[in-house]
Amino acid sequence: MHSAPRSRLLTSNPHTDSGKILERLQCKRQQGTLYVFLLGHCPYEAGVARYKHMYFNATDNMFKIWTITAVCTIVLYESVKNIVRLCIDKQIRYNMMLLFILSMFSHYYSWWSFVNYWNDDFYSQWNHQIFFTITELYSTSILYTICDRRKEINKFHLFSIIAVGLIHMLAAGFDQFVINVIGGSGFAHQVIRDLFLMIPDILNIIIPLFEMKKRRLTIKNRFTDDPSSFKEILLLVIIVTSGLIIVSLL
């Protein structure tokens with residue numbers, strides 16, 4: 001789903017000296033049609049704007065923007081530092097490092113979405129974004145942990161990554177990806193965004209599945225001989241179904 005707030009075509013400042021919203025007409029030509037909006041009264045999601053208004057007032061929302069930006073920057077720095085250290089020490093799992101690196105775009109997208117929500121004070125997709133951000137953070141935290149070869153990978157790690165990947169892939173597949181990418185109705189930036197969100201989700205399913213297969217071959221334990229396999233698959237189906245239901249209700 002990964003829905004993003006779109007930039008405002010027009011903005012107004014309600015805190016003028018006169019206490020009134022400045023009203024004027026602004027025209028925008030989009031796809032051969034002339035749209036006329038009244039400043040301060042136009043719909044928020046009215047198209048793709050050529051520019052973005054950013055507010056730097058001393059408000060609660062601006063404090064939230066600076067806080068989340070600082071926290072994300074610190075976490076990114078510390079994570080990259082530890083990953084580089086693992087590479088230098090030759091203790092890195094390269095397949096998990098690949099998934100970890102690919103997940104960075106999703107977190108960048110989440111950060112930018114929250115910045116837009118608070119900056120524009122528009123929250124129509126807030127609940128969806130919270131769900132995707134929390135699940136993405138959970139999956140990435142597992143990937144970050146098992147990037148270290150010295151830490152054992154268990155079934156819980158792999159199933160968690162697969163479950164999150166499936167939920168995101170199915171939710172986005174029925175929403176934006178099919179319409180924008182497969183249907184070809186999206187703008188260039190929407191197609192690129194959806195690809196960069198979908199590809200990591202697909203790899204978060206494929207690579208852990210190969211890892212599970214390798215582990216089973218290593219311990220000489222076939223899938224059909226494992227009495228817990230059916231329960232694991234059933235649990236995975238329940239988790240994915242529950243996640244999709246939650247997304248549909250948000």
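The values are calculated or read from the model by the stated rules, or taken from the named source; none is laboratory data. Just so you know, these numbers come straight off a predicted model, no measurement behind them. Cβ atoms come from the backbone with ideal geometry, glycine included; neighbour counts cover every protein chain shown. Heads up: the accessible areas ignore ligands, DNA and RNA and are worked out on the full protein's heavy atoms, side chains in. Shrake-Rupley method; radii C 1.70, N 1.55, O 1.52, S 1.80 Å.
Just one of the numbered conditions (1) surrounded by 15 or more Cβ atoms within 10 Å (Cβ to Cβ); (2) farther than 22 Å from Thr67 by Cβ is not true of His107: (2). A search for C-beta distances below 9 Å between a residue of region 149-176 that is more than 26 Å from Ile92 (Cβ to Cβ) and any residue that is among the acidic types (Asp, Glu) and modelled with pLDDT under 85, counting only pairs 6+ apart in sequence or on different chains, returns Ala172/Asp194; Gln176/Asp194.
Looking at this structure, is Val191 surrounded by fewer than 21 Cβ atoms within 10 Å (Cβ to Cβ), assigned to a helix (DSSP H, G or I) and β-branched (Val, Ile, Thr)? So Val191 fits the description; yes. Residue selection: Val115 satisfies the criterion of being open to solvent by less than 20 Å² (accessible area, probe 1.4 Å), of a type in the set (Val, Ile, Thr) and in a helix (DSSP H, G or I).
Only one of the numbered conditions (1) open to solvent by less than 80 Å² (accessible area, probe 1.4 Å); (2) of a type outside the set (S, T, N, Q); (3) modelled with pLDDT of 75 or more is not met by Asp175, and that is (3).
Among the residues of region 118-137 satisfying the criterion of being assigned to a loop (DSSP other than H, G, I, E, B) and either under 23 Å from Ser242 (Cα atoms) or touching a Gly at 6+ places or on another chain (Cβ under 9 Å) (or both), which is most open to solvent (accessible area, probe 1.4 Å)? It comes out as Ser124. May I ask you to verify whether Leu86 is open to solvent by 40 Å² or more (accessible area, probe 1.4 Å) and touching a helix residue (DSSP H, G or I) at 6+ places or on another chain (Cβ under 9 Å)? The answer is no for Leu86. Filter region 195-250 down to the residues that are hydroxyl-bearing (Ser, Thr, Tyr) and surrounded by fewer than 15 Cβ atoms within 10 Å (Cβ to Cβ), then identify the one that is modelled with the lowest pLDDT. Per the criteria, the residue is Thr224. Quickly run through region 114-134 and pick out the residues that are among the hydroxyl-bearing types (Ser, Thr, Tyr) and over 9 Å from the mean Cα position of the chain (by Cα). Scanning region 114-134 gives Tyr117, Tyr123, Ser124. Restricting region 54-104 to residues that are of a type in the set (A, V, I, L, M) and outside any helix (DSSP H, G or I) leaves a set whose member that is nearest to Tyr117 (Cα to Cα) is Met54.
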